[in-house]
Amino acid sequence: MNNPITVEVTRGKLVESRHRGLAVVTDGDGAIVFSAGDVDAVTFPRSACKAMQALPLVETGAADAYGFGMKELALACSSHSGEDEHVALAASMLKAAGRDESVLECGAHWSFEQPVLIHQARTLEKPTALHNNCSGKHSGFVCACCHSGEDPRGYAGYDHPLQAEIRGIMESLTGTPLGRDNCGTDGCSIPTYAVPLVALARGFGKMATGKGLEPVRAAASKRLIEACMAEPFYVAGTKRFCTRLMQVAPGKIFAKTGAEGVFCALLPEKGLSFAVKCEDGTTRAAESMIAALLARHFDKDMPEHAALMAMANHSMRNWIGLHVGDVRVTDVLFG
């Protein structure tokens, strides 16, 4: 099926670009309460599923053994900007396990955020693996291995016991068989698995409600989601979209982006789970889509609704501040 146009970008009085997408909202029982496009199509969640991948850090007891609080748990679920606070916290997590950055298998890169990149260029000769946007997740992996007595070497590989454990966790949450046939390699070198978009939403729904989960996993899931909502800066960074979404309604919205136009979110108090994918992989469209879908579930006279809609539909200005166009969601997301 052809996925509908969910986001338009205008210039002057004309539509300059159109983004097709798929989106789904499920309730606490996993039933679909809204959908647009082919939500059964398989999608690589990429970094949007990091909270799922962080479960071993809590379930093994590593987080408690190393004295981790909400900031560390949020960083373990993060795609951070490589700001000084992110780097220092990732290093601290590794130190708690008796390790340092040399154990990380995610690679090094400069920040993707221009202000942070400028700061890094002024203060660093070159970035390290701690500056990688996935270093928090990888530090969590290392800590889980060390606490469990597993050799962390090769922890990013498909056959490592940690990745096998994560594969089983994601199978359980999404209800989707995972293996080499639907496996790819993520940007930070760990396995990533393609699952139906609706299965991804349902998996996060289980994490939010605990329904169908063993008590240990339900408690660990709740702890990670609450940590992200409490410390949104450590999930993303200054002025990042994930951070801003969660700051709109503190303690009420969980949100996590993934590469190639994927976004997942939760309204835990309402038992609602959200997943979107921009077909062409454009982040700006996925951001508008998730903000609009979240706004639907706040009363129109509430400030949260207005703030979310302002994030879904926003103007574009050029370098001297002239209004040149708009990014806007289509009626498809309000059907």
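The values are calculated or read from the model by the stated rules, or taken from the named source; none is laboratory data. Keep in mind that this is a model prediction, so the values were computed, not measured. No Cβ is skipped: glycine too gets one built from the backbone with ideal geometry, and neighbour counts run over all protein chains shown. Quick note on the areas: whole protein, heavy atoms, side chains included, nothing else; ligands and nucleic acids left out. Shrake-Rupley method; radii C 1.70, N 1.55, O 1.52, S 1.80 Å.
The table that follows gives values for the structure above.
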read-out	value
Fluctuation leader among VAL87, VAL103, VAL276 - the chain, Gaussian network, Cα springs under 10 angstrom	VAL103
Cβ-Cβ FRET estimate between TRP319 and ASP280, R0 fixed at 30 Å, reported to 0.05	0.70
Counted charge near THR209, where neighbours are those whose Cβ lies closer than 11 Å (Asp, Glu -1; Lys, Arg +1)	+2
GLU260 long-range amide H proximity, modeled H, under 5 Å	none
Solvent-accessible heavy-atom area per residue, rounded to whole Å², over the chain at 1.4 Å	42
LEU117 versus MET1: modelled label distance in nm, points set 7 Å from Cα along the beta carbon direction	3.9
Helix 283-295 axis, angle to the chain major axis (alpha carbon atoms, nearest 10°)	80
Cβ-defined net charge surrounding CYS77, 9 Å radius [Lys, Arg +1; Asp, Glu -1]	+3
In Hz, Karplus ³J(HN,Hα) per residue of the stretch 108-114 (6.51, -1.76, 1.60; θ = phi - 60°; x = Gly, Pro)	10, 7, 5, 4, 7, 9, 4
Estimated Rh, the stretch 95-252: Kirkwood, alpha-carbon pairs, angstrom	17.5
DSSP loop trypsin sites (Lys or Arg not before Pro) with at most 15 other Cβ within 10 Å: longest gap in the chain	14-152
On Cα atoms only, tilt of 197-209 relative to the major axis of the chain in degrees	60
Positive-end residue, the stretch 59-183 charge dipole about Cα centroid, Cβ charges, pick of ALA88, CYS183, GLN163	ALA88
Sites matching chymotrypsin sites (Phe, Trp or Tyr not before Pro) across the stretch 242-321 that sit in DSSP coil, with at most 15 neighbouring C-beta atoms within 10 Å	TRP319
Long-range HN-HN contacts of VAL33 with modeled amide H, under 5 Å	VAL25, THR26, ASP27
In range of the label at MET302: residues from the stretch 225-249 whose backbone nitrogen is under 20 Å from the point 7 Å along Cα→Cβ	225-232, 242-249
Candidates ILE290, ILE166, ILE253: whichever shows maximal mean-square fluctuation once the chain is modelled as a Gaussian network with Cα springs under 10 Å	ILE166
The chain: angle of helix 161-174 to the longest principal axis, Cα-based, in degrees nearest 10	40
For HIS314, net neighbour charge (Lys/Arg +1, Asp/Glu -1) across residues whose Cβ lies under 9 Å away	0
Loop GluC sites (Glu not before Pro), the stretch 105-166, which have at most 11 other Cβ atoms in a 10 Å radius of their Cβ (DSSP)	GLU125
From phi via Karplus (6.51, -1.76, 1.60), per-residue ³J(HN,Hα) for the stretch 261-268 in Hz, x at Gly/Pro	x, 10, 8, 10, 7, 9, 10, x
Cα-centre dipole for the chain with unit charges at Cβ (Lys and Arg positive, Asp and Glu negative), debye to 20	600
Whole-percent carbon and sulfur share, accessible surface of the stretch 173-311, 1.4 Å	50
No Cys partner within the rule (Cβ under 4.7 Å), the chain	CYS49, CYS77, CYS143, CYS145, CYS146, CYS183, CYS228, CYS242, CYS264, CYS278
Cut-off 15 Å (backbone N to label point 7 Å along Cα→Cβ of ARG18), residues of the stretch 246-284	279-280
